[in-house]
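Read through the structure below, which is laid out as structure tokens, and then see the notes.
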Amino acid sequence: MGLDKKIGEILVSQNACKEEDIKKALSLQKEYGGRIGTILINTGVIVENDLLNALSLQLGISLLKDLGVEEFNKVNLGNIQTSFLVENGIFVLENGEVIKAAVEDPLKIDIFSYVENLTGKELRIYLASSEEIRKLKAVYEEEEEGEYEYISEDEIDKLKELASEAPVIKFVNNIFSRAVEANASDIHIESFKNGMQVRFRIDGKLHTVENIPLSMKMAVIARLKLISKMNISENRLPQDGRISIKTSGKLIDVRASSVPTAFGESFVLRLLGKEDISYSLNKLGFFENSLDIINSIIRKPNGIFLTTGPTGSGKTTTLYSILNDLNTEDTKIITVEDPVEYELGGISQIQVKSEIDFTFANALRSILRQDPDIIMIGEIRDKETAEIAVQAALTGHLVLSTLHTNSALGALHRLIDMGVEYFLLKSSIIGLMAQRLVRTLCPYCKQKDTLDEEIRLLYGIDKIIKKHPFIKVDPHRAVGCKKCNFTGFKGRVPIVEVAPFTKEIQEAFSKDHNLEDLSLFGYTTLFEDGVLKFLNGDTTLDEVLRVAK
């Protein structure tokens, strides 16, 4: 196929975008210049792979990935300086009867003809992604080691220019696009001696996806600071910021955090959906017995319901789902969060700002005068916040909050350690829950597994089955395929222990403040719930042991 068909027409025919997207891009092109494909990528309409596939069809040029090259090596042409080739975005892969090269810009026809004339050989070019080009540049360019400890005032304008260059914008946008496509929750961009490393957290695990050469390091750092509205000249102190982006048709809110390290600044970018979330407790993956207990607790008119677990255990998602289920026209719900992670329609959400002394405690004092029915506190961090939460519960409000403890009853230990009197906890707390997230088996490749006698005895599996006769025993094991990136897992599901704070538990805890085992009262523990998820074919026993033992 030649240039007789425009790139926009090909993209529309491939369902990569719509005709109205092309019209908007053409309007932007008329005003600012540039190529249609680049404009569509930078505005988040398409991803780079869409453009590469369309260019391949339009120009009749193969993609570099189809060549199957896994490791790049520096190849010289002899009579042409390597610096000239790199300067023009030509990276030689093979110098045989035919010269094979990856190119940054497939339309530099005059340069390609020049190379063919000088060498007397056919130049066969391949379309390369920006990641592949960066890897090739790292091989071909001799990078000087260096460390940027201080940015002077004179360098700030230069950094801003650097951050506004098209290759840097394209690179950063591409990282976000790939993260969204991979369903990553966080992007880690870390500084090291010879450059930077990009890792995505997917289903709780970090995966390296990119290495940034030292030559691009400062430009990437400057770009991230600019779009997250951080101070571009400050590299000695941690900073926080926010980014709003549109990529692959999705609106994404990004919480950015930077810290100075031995070899420069490192960033962690938390990806948050900007649209209103529509989670419901029924869709999170809880077993029916746990759902019944949670629903019986949250339907009470007042009291405190505490959800506990480490960072990244799904506590906020659970609380948001509860709020969505409780959100009705006749109910006033207010949240106090640090930060506000998701937008909830019909709910008043307040952002804590510690820099102006607008703390959880100060915010709570204010919202009690706003006549709320339900209050959600992002986290109870100190005695003052805990005591106001208790006061709110005792004056007729339903209070939902989180704590960082290992077990449901561990929340009581933490509050007592903060200095809250136990008689106040007995009067105000109505329910306790702990949760973790385990990776779920990939539905496309998981295979049936068997339970040997040793495993049954070691983990008391027969007792758990007897205690929960509703469970079907259908364990599976992880295998790995292309759809799960050969990990064997795709997505995550919560395992929980939850109980109402009954008089029986209150009296037992009064006698033994070290009490943590809910199974003594007939409730399912975290480990038991995990084993049930394993028996149900949702996850593996190893995964349960990793997070709940």
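The numbers here are math on the coordinates, done by the rules we state, and not lab data. Everything numeric here is computed off the predicted structure, so don't read it as measured data. Cβ sites come from the backbone with ideal geometry, for glycine too, and all protein chains shown count toward neighbours.
Each peptide in 537-545, 100-108 was scored by the mean count of other Cβ atoms within 10 Å over its residues; highest first, the order is 537-545, 100-108. In the chain, Cα pairs under 8 Å separated by at least six residues give a relative contact order of 9 percent.
Database note for the chain: Cys without another Cys beta carbon under 4.7 angstrom, Cys17.
Look at where the Cα atoms of region 367-395 and of region 32-93 average out, and the two centres are 56 Å apart.
With R₀ set to 45 Å, the beta-carbon distance separating Val479 from Arg369 gives a calculated FRET efficiency near 0.20. Per-residue 3J(HN,Hα) values for region 447-458, derived from phi via the Karplus relation 6.51 cos²θ - 1.76 cosθ + 1.60 with θ = phi - 60°, read 10, 4, 10, 10, 10, 7, 4, 4, 5, 4, 6, 4 Hz in sequence order (x marks Gly and Pro). Shape class of region 1-40 from the alpha-carbon gyration tensor: oblate, with a/c at 1.5 or above and b/c at least as large as a/b. Classify region 194-274 as rounded, prolate or oblate, taking a ≥ b ≥ c as the square roots of the eigenvalues of its Cα gyration tensor: rounded when a/c is under 1.5, otherwise prolate if a/b is larger than b/c and oblate if not. Since a/c reaches 1.5 but b/c is at least a/b, the shape of region 194-274 is classed as oblate. When the GluC sites (Glu not before Pro) in region 387-453 are filtered for DSSP coil states and for at most 15 other beta-carbon atoms within 10 Å of their beta-carbon, the remaining sites are Glu421. Please compare each pair in Lys30/Lys170; Lys353/Lys383; Lys467/Lys549; Lys24/Lys483; Lys315/Lys483 to a cut-off of 24 Å on the Cα-Cα distance and tell me which ones are over it. Check vs 24 Å cut-off fails for Lys24/Lys483; Lys315/Lys483. Along each principal axis, taking the top coordinate minus the bottom one, the Cα set of region 211-326 gives 58, 33, 26 Å in descending order.
Among the trypsin sites (Lys or Arg not before Pro) within region 471-516, those in coil by DSSP and having at most 11 neighbouring Cβ atoms inside 10 Å are Lys472.
Sequence-ordered 3J(HN,Hα) estimates for region 492-502 from the Karplus curve with 6.51, -1.76 and 1.60 and θ = phi - 60° stand at 9, 9, x, 10, 9, 10, 9, 7, x, 7, 6 Hz, glycine and proline given as x. Sparse packing (at most 15 other Cβ atoms within 10 Å of the Cβ) combined with a DSSP loop state is found for the following chymotrypsin sites (Phe, Trp or Tyr not before Pro) in region 392-468: Tyr444. Taking θ as phi - 60° and the Karplus parameters 6.51, -1.76 and 1.60, the scalar couplings of region 428-433 work out to 10, 6, 10, x, 9, 9 Hz in sequence order, x denoting glycine and proline.
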